[in-house]
1. If you scan the range A:186-207, which residues turn out to be more than 15 Å from the chain's Cα centre (by Cα) and in a helix (DSSP H, G or I)?
2. Right, residue B:11: in contact (Cβ under 8 Å) with a residue 60 or more places away in the chain, touching a helix residue (DSSP H, G or I) at 6+ places or on another chain (Cβ under 6 Å), within 14 Å of chain A (Cβ to nearest Cβ) and surrounded by 19 or more Cβ atoms within 10 Å (Cβ to Cβ) or not?
3. Identify, from the list A:57, A:70, A:90, the residue that is within 25 Å of residue A:33 (Cα to Cα) and more than 12 Å from chain B (Cβ to nearest Cβ).
4. Would you be able to tell me the number of residues in the range A:1-13 that are surrounded by fewer than 16 Cβ atoms within 10 Å (Cβ to Cβ) and modelled with pLDDT of 85 or more?
5. Please state which one of B:309, B:284, B:235 is farther than 30 Å from residue B:40 by Cα, surrounded by fewer than 18 Cβ atoms within 10 Å (Cβ to Cβ), within 14 Å of another protein chain (Cβ to nearest Cβ) and in contact (Cβ under 8 Å) with a residue 60 or more places away in the chain.
6. Which of the following residues is buried (at least 19 other Cβ atoms within 10 Å of the Cβ) and modelled with pLDDT of 90 or more: A:196, A:217, A:192?
7. Pick from B:150, B:122, B:82: which is farther than 27 Å from residue B:215 by Cα, modelled with pLDDT of 95 or more and in contact with a strand residue (DSSP E or B) (Cβ under 7 Å, 6 or more places away or on another chain)?
8. Check A:98, A:112 and return the single one that is within 12 Å of chain B (Cβ to nearest Cβ), under 13 Å from residue A:163 (Cα atoms) and touching a helix residue (DSSP H, G or I) at 6+ places or on another chain (Cβ under 6 Å).
């Protein structure tokens, strides 16, 4: 059996508010194999987003080890971490985080500006990503000209355009109506099944979590 | 998509705010440039002075006269090559508001010592042959619509009575710093009348202008001239033409210092206008910057985007300001030509205005850059726009 894509051991994370230590995650042990669609569920404040941020390498653990894509990311410096994220992580946010001054095409192209791809190669990648999410006809639209569901699909295209190892989604349906949420979950399911993408999704929504192959619950900072 | 495109679109994200900021910058740059030009105009006389020319005047004040007999004695001082003299006439042309400078001079030597006053040879010949002849500057002729052959009447104030002149020639300066608003005529015309009407004032002139053979000896030659007239009834003070011009400017020191302070305050205002716009942009884009870093963009990418945006706005304001400066400056130059004949916006002022705008663009981006770099990605992502 191959090495899990995410391997977390004895992870502990706390924040300081003034001089008061606030523990967020305790003794987390988690293995996620390549190609798995994992849903992280739990009530507000349970530490789901913190765990996702740690896996994404935008936050550091207080103690414990975590290897993501085979790399001990807690040991990377800021520059190495940025490079690692650009290569391995595709992030999908609840509020899409599209740049309002850029078209759908340009938003999706954004991560590719960090690569050495030529303009022509970038165009091919962007068009492919947008066609996968079903927005090939909306490339020149600005975010304000798209519905919430379409904006989230652009955000998904942006997350997959550089073909990252891991897709991380933080409440991807949290800002959407029922139908749009359904479309997004179908799309994530397709990415997992057809393109074998490893997905870790934080959600409150049990219907969204149903699409995942594994559901893990977090409560008061501990994995159940 | 290029980074420059993102920078320019960010700059235009809040169009009204950007337009108001650019207009504010443009007005400030224009005001800064105009003030610098006023100060430059003040110094035009000093700039136009020649290093090989000295001015000898009465030791007490320029308003006291010197005997014309000094001319030969000064010419004997070793190192003095040539000499001419002039007197302030102070006549009124129709109305006192039509003020312009009028000088009674020794015709031939004056234009020898001031070769930068260019007069066509035939007009010079006509001037030398007519005791009432006048050589007027191009700017003055343009102002009153005069032409060669016109009769001009002045009412004397220092030299009382009605004085009739004939325009015999028009001079142009050999460079833009040369005042083209002077009215120059033959000293003999007033001296002859003084001999008849006020003999005590005959044979008196305002100042001498000397040409020396070696500018590095100016101090030594000046001392020797002044020593020659020590303990005479009219002691002299000799200085370089530049010092002479600067002594007039020194009378306006307080005004010039005030103008300089205002020009620095304007730079401060420009800075605050742009810094405020950039600070607002930084506040609005906390989560956006955090998100960019999540994608893998580094601190220096954000520095480039923020600095670029600040520079784009500053450059737009700077360029708009320079266009305004050109338009308004040209109008002001024409309107004030009789008071500031040297009022012209020189290329260095445009360059200084643009460099100032660019430096302000850089300075205004510092706070937003520090803010964008300091904020933790996780904290930044929590901020909802």
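The values are calculated or read from the model by the stated rules, or taken from the named source; none is laboratory data. These figures come from a predicted structure and were not determined experimentally. Here the Cβ positions follow ideal geometry from the backbone for every residue, glycine too, while neighbour counts run over all protein chains shown.
1. Within the range A:186-207, A:186, A:190, A:193, A:194, A:206, A:207 qualify.
2. Details: in contact (Cβ under 8 Å) with a residue 60 or more places away in the chain: yes; touching a helix residue (DSSP H, G or I) at 6+ places or on another chain (Cβ under 6 Å): yes; within 14 Å of chain A (Cβ to nearest Cβ): yes; surrounded by 19 or more Cβ atoms within 10 Å (Cβ to Cβ): yes.
Judged against the criteria, residue B:11 is a match.
3. On the way: A:57 fails: more than 12 Å from chain B (Cβ to nearest Cβ); A:90 fails: more than 12 Å from chain B (Cβ to nearest Cβ).
After applying the criteria, what remains is A:70.
4. First, pick out the residues of the range A:1-13 that are surrounded by fewer than 16 Cβ atoms within 10 Å (Cβ to Cβ): A:1-3, A:9-10, A:12.
Checking which are modelled with pLDDT of 85 or more leaves us with A:9-10, A:12.
Number satisfying all stated conditions: 3.
5. Details: B:309 fails: surrounded by fewer than 18 Cβ atoms within 10 Å (Cβ to Cβ); B:235 fails: within 14 Å of another protein chain (Cβ to nearest Cβ).
From the options B:309, B:284, B:235, the qualifying one is B:284.
6. On the way: A:196 fails: buried (at least 19 other Cβ atoms within 10 Å of the Cβ); A:217 fails: buried (at least 19 other Cβ atoms within 10 Å of the Cβ).
When all the criteria are applied, what remains is A:192.
7. Values: B:122 fails: in contact with a strand residue (DSSP E or B) (Cβ under 7 Å, 6 or more places away or on another chain); B:82 fails: farther than 27 Å from residue B:215 by Cα.
After ruling out the rest, the residue left standing is B:150.
8. Values: A:98 fails: under 13 Å from residue A:163 (Cα atoms).
Going through A:98, A:112 in turn, the sole match is A:112.
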